[in-house]
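These notes concern the structure reproduced below.
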Amino acid sequence: MATEATWKPHEKHGRLTKQSDLPDTGIASPGAAEESWDVQPAGTTMKAVVLDGPGPPSALHIRQVPRPHPQRGWVLISVKAFGLNQSELHMRLGLAEGVTFPRVPGIEAVGVVAECPGGEFAEGQQVATMLGGMGRAFDGGYAEYCCVPAAQVLPFRSDLDWTTLGAIPEMLQTASGSLTIGLDAQEGQSLLIRGGTSSVGMATAVLAKRLGMRVLSTTRHQSKAPALRNIGVDEVILDDGHIAGRVHTLVPGGVDAALELIGTPTLPDTLQSTRVHGVVCFTGMLSNQWTVDKFYPIEYIPRGVRLTAYSGDAADLPPAVLQGFIDAVRDGAAVVPIGAVYQIDQIVEAHTAMEEGRVAGKIVVLT
């Protein structure tokens, strides 16, 4: 099992867990497992995606592995769906420090409680989980079952399909946290989303429109512009790396707030797109470039523009906020930007699509 690790500042990981606190699990030989949407009786194995070490999408293998057994304070979840996230791409590429292999990836999952020795949740309760070391310090959500600390389990109730539910947790947490903690966004403000067709970018646009903001979103591909307009984006900007001039034409003086999801290559231009006393929140690294060489703040940051960052955890998404968003989706008051859906056996294809940036919106995998 994993030992306690040291993480790069950019890696959104949550809390790490001591080896002695981790549930008993391991890796077995390849095989197949029966699929089901119901909680199954206790078994000895499960289907999981296993990464033996950094590599291309083909390094992800479907295997039959021992099913985890939760200790008190941990919850075994029968996983119904999980979303793909950029940090899992970073991990597969070997860009995350402190990860031991073999490892079942996945920083989020939704499903139902299969076992809960401490009694924190009832068997069969619908739940979501994310971060807190999932897929890094201990095995994550790319499996039929995952075992996580009870503190990072969020209960909810919904009749929505698992595809929709699987797209929500980490995407909502990051979008909501970026808006509230990172940007302190307010009704009536203008918002630039750099990396608008990413799942977090699209979720942020949905939340920002519900808040009453004017939203400008970027995409590098004109073919993806309709997807942004369909979720209510006011202005779609084709991103060639230099958009500050066009932003100032659309919003004289610059936007009130900007969410940077691409990373350090576009950050200076995003800062130049923002008004004096406006705020830029650095949340994402779609470019896989995280650091600024020879950073000289007075030269780098425009006069009066404020630069913040956001990296959250499950605690940043209260169950009431999760339930409220799920209910809004049910009522048609909010949309979930799902870009593609795969089965767990198609994990290689799913990761390939994510790495190549072919999908606008969230990629969801069903177990």
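The values are calculated or read from the model by the stated rules, or taken from the named source; none is laboratory data. Quantities reported herein were computed from a predicted structural model and do not represent experimental measurements. Backbone-built Cβ (ideal geometry, glycine too); neighbour counts: all protein chains shown. Side chains are part of the model used for accessible areas, which takes the heavy atoms of the whole protein and leaves out ligands, DNA and RNA. Shrake-Rupley method; radii C 1.70, N 1.55, O 1.52, S 1.80 Å.
Of note:
- Identity of the residue in the stretch 253-263, touching a residue at least 60 places away in the same chain (Cβ under 8 Å), open to solvent by less than 20 Å² (accessible area, probe 1.4 Å) and within 25 Å of the chain's Cα centre (by Cα), that ends up farthest from Ile301 (Cα to Cα): Leu261
- Among residues of the stretch 325-347, those that are closer than 18 Å to Phe156 by Cβ and either part of a helix (DSSP H, G or I) or in contact with a Cys (Cβ under 6 Å, 6 or more places away or on another chain) (or both), counted: 6
- Selected residue (criterion: farthest from the chain's Cα centre (by Cα)) from residues of the stretch 287-310 that are aliphatic (A, V, I, L, M) and open to solvent by 60 Å² or more (accessible area, probe 1.4 Å): Ile298
- Helices (runs of 4 or more DSSP H) contained entirely in the stretch 140-225, each with at least 3 residues that are in contact (Cβ under 8 Å) with a residue 60 or more places away in the chain and out of contact with any strand residue (DSSP E or B) (no Cβ under 6 Å at 6 or more places or on another chain): 169-177, 199-211
- Residues that are modelled with pLDDT of 95 or more, buried (at least 24 other Cβ atoms within 10 Å of the Cβ) and small (Gly, Ala, Ser) within the stretch 136-165 comprise Gly140, Gly141, Ala143, listed in sequence order.
- The set of residues from the stretch 215-252 being surrounded by 13 or more Cβ atoms within 10 Å (Cβ to Cβ) and of a type in the set (Asp, Glu) comprises Asp234, Glu235, Asp239.
- Of the residues making up the stretch 311-367, those that are closer than 21 Å to Val148 by Cβ, among the charged types (D, E, K, R) and open to solvent by 10 Å² or more (accessible area, probe 1.4 Å) number 2.
- Annotation for the stretch 181-193: no member residue is closer than 30 Å to Leu51 by Cα and buried (at least 24 other Cβ atoms within 10 Å of the Cβ).
- Any chance Val113 is open to solvent by less than 10 Å² (accessible area, probe 1.4 Å), in contact with a Leu (Cβ under 9 Å, 6 or more places away or on another chain) and either farther than 23 Å from Gly361 by Cα or without any contact (Cβ under 8 Å) to a residue 60 or more places away in the chain (or both): yes
Here is a yes/no grid of residues against (1) in contact with a Leu (Cβ under 8 Å, 6 or more places away or on another chain); (2) free of Cβ contacts under 8 Å to residues at least 40 places away in the same chain; (3) within 21 Å of Pro117 (Cβ to Cβ); (4) open to solvent by less than 50 Å² (accessible area, probe 1.4 Å):
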site	(1), (2), (3), (4)
Thr45	no, yes, yes, no
Val50	yes, no, no, yes
Gln64	no, yes, no, yes
Leu76	no, no, yes, yes
Phe82	no, no, no, yes
Asn85	no, no, no, yes
Leu89	no, no, no, yes
Val99	no, no, no, yes
Gly106	no, no, no, yes
